[in-house]
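Take a look at the structure below.
Each reported figure results from applying straightforward, stated rules to the coordinates on display, with no laboratory input. For clarity, every value in this text was computed on a predicted model and none was experimentally measured.
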Amino acid sequence: MNEKLVTIINEVRANKQQPPLNDLCASSRLREDVGLESLDLAELTVRIEEKFGVDVFADGLVHTIGEIEAKIARVKA
Amino acid sequence: MSKNILVTGVSQGLGLAIAESILAAGWNVYGVSRRHSPEYAALQEKFPGRVHFHAFDLAGVDAVKEDLFGKFLPFSTPLHGYVNNAAMAYDDIVTNLDAGRLRAMYDVNVFTPMMATKYAIRHMLFNRVAGSIVHISSISVHTGYKGLAMYASTKGALEAFSKNTAREWGERGVRSNCLVAGFMETAMSGKLTEEQRQRIYNRTALKQATKLGSVADTVVFLLGDGAASVTGQNIFVDSGTI
Ligand SMILES: NC(=O)c1ccc[n+]([C@@H]2O[C@H](COP(=O)([O-])OP(=O)(O)OC[C@H]3O[C@@H](n4cnc5c(N)ncnc54)[C@H](OP(=O)(O)O)[C@@H]3O)[C@@H](O)[C@H]2O)c1
């Protein structure tokens with residue numbers, strides 16, 4: 001798991017008074033498993049963009065953490 | 001607490017008056033327009049370090065992210081308010097409607113301001129700021145004037161956009177309101193004859209032009225903490241149109 005990504009996800013959760021998750025994996029679903037709603041996903045997008053320079057939701061929906069990691073990797077490559 | 005406010009159309013008219021009122025409130029102005037006017041430069045001189053300028057053409061819908069925000073308002077500058085003031089008026093009767101001119105007006109009055117709202121809210125989310133958005137609308141949306149159908153339609157679009165933005169982002173503390181301005185004596189209304197002016201003023205309770213300072217001070221109120229529970233509203237500052 002990308003450590004920075006985990007930190008960002010837990011930052012968004014903390015803003016909603018939710019405890020950090022330590023067992024995130026590539027198949028974790030953002031809504032069902034991580035508990036993020038559309039406005040949380042907007043905040044997540046902004047924080048990821050600031051760190052990694054990619055707007056992960058710009059070209060279609062993203063459902064899992066693995067899909068975010070793939071998009072970040074594509075930009076780095 | 002000091003606030004950083006993005007204002008469009010600061011070179012003259014209402015935008016310049018809004019910049020002045022924001023400075024009087026003790027906040028900072030991040031102003032854009034195509035021209036860097038001597039009047040705005042004078043404000044920069046009078047309030048050193050608090051008045052910023054970036055030349056930006058609102059016709060550039062696709063430049064909002066990289067240019068307006070990327071170059072002028074990076075995340076390191078928290079944004080507390082966005083005043084969508086700049087606009088153009090394409091006046092004509094409907095039977096003369098030209099699609100190209102209509103599109104150009106929608107780019108400046110609607111599409112670029114909508115994109116700027118997108119990035120303003122993203123900015124507020126990043127810095128966890130309960131920001132305030134104010135769109136300058138026009139009384140022509142609510143009364144109707146000959147020749148203003150196309151222009152008024154752009155402002156009507158903003159009113160709908162503002163109401164829905166307020167609903168969507170309220171739970172994050174972001175507010176959005178429209179200030180519905182009556183006829184003001186600026187370059188935009190400069191082509192009206194004295195007779196046309198009087199006819200417009202006679203349709204108001206106060207029988208006079210709407211004062212720039214009154215509109216500007218109301219914008220500052222909507223930006224400030226005194227308006228913390230005001231969102232999704234159209235606030236009329238129009239000499240009391242009847
Ligand atoms: N005047 C009225 O009677 C009246 C009534 C109701 C509502 N309003 C609204 O009040 C607001 C202010 O109008 P005003 O009367 O102050 O008009 P104005 O004197 O014509 O000023 C318009 C401002 O917008 C800027 N602007 C125009 N096109 C632009 C573009 N493509 N890119 C960047 N900036 C642009 C201009 O700067 P540059 O030319 O330097 O770019 C100028 O600073 C507008 O939203 C208008 O619709 C006016």
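For the reader, a short list of remarks on this structure follows.
- Residue-span extension gain [B:Thr143 to B:Glu195] - 0.36 nm each, minus C-alpha spacing: 16.9 nm
- Counting only Cα atoms, the range B:88-242 measures 50, 38, 22 Å along its principal axes, largest extent leading.
- Kirkwood-Stokes translational diffusion coefficient of the protein assembly as shown, alpha-carbon pairs, 4 °C, 1.567 mPa s, µm²/s: 61
- Per-bin percent of Cα-Cα distances, the range B:11-165 [5 Å]: 2, 9, 17, 20, 21, 16, 9, 5, 2, 0
- Average projection area in nm² (convex hull over Cα atoms of the range B:154-242, one quarter of hull surface): 6.5
- Proximal aspartates and glutamates to B:Lys146, defined as alpha-carbon separation beneath 17 angstrom and excluding residues fewer than eight positions away on the same chain: B:Asp91, B:Asp92, B:Asp98, B:Glu194, B:Glu195
- Cross-link table B:Lys3/B:Lys118; A:Lys71/B:Lys118; B:Lys46/B:Lys163; A:Lys71/B:Lys65, entries beyond 26 Å C-alpha to C-alpha: B:Lys46/B:Lys163
- Entry note, the range A:3-76: relative contact order of 31 percent, from Cα contacts under 8 Å with a spacing of 6+ residues.
- Within chain B, helix-based [θ] at 222 nm, where runs of 4 or more DSSP H residues each add -39,500 (n - 2.57), nearest 500: -11500 deg cm²/dmol
- Normalised radius of gyration (Cα atoms, divided by 2.2 N^0.38 Å) for the range A:3-76: 0.99.
- Amide H to amide H distances under 5 Å link B:Val7 with B:Tyr30, B:Gly31, B:Val32, B:Val83, where only residues 5 or more positions off or on other chains count and H is placed in the peptide plane.
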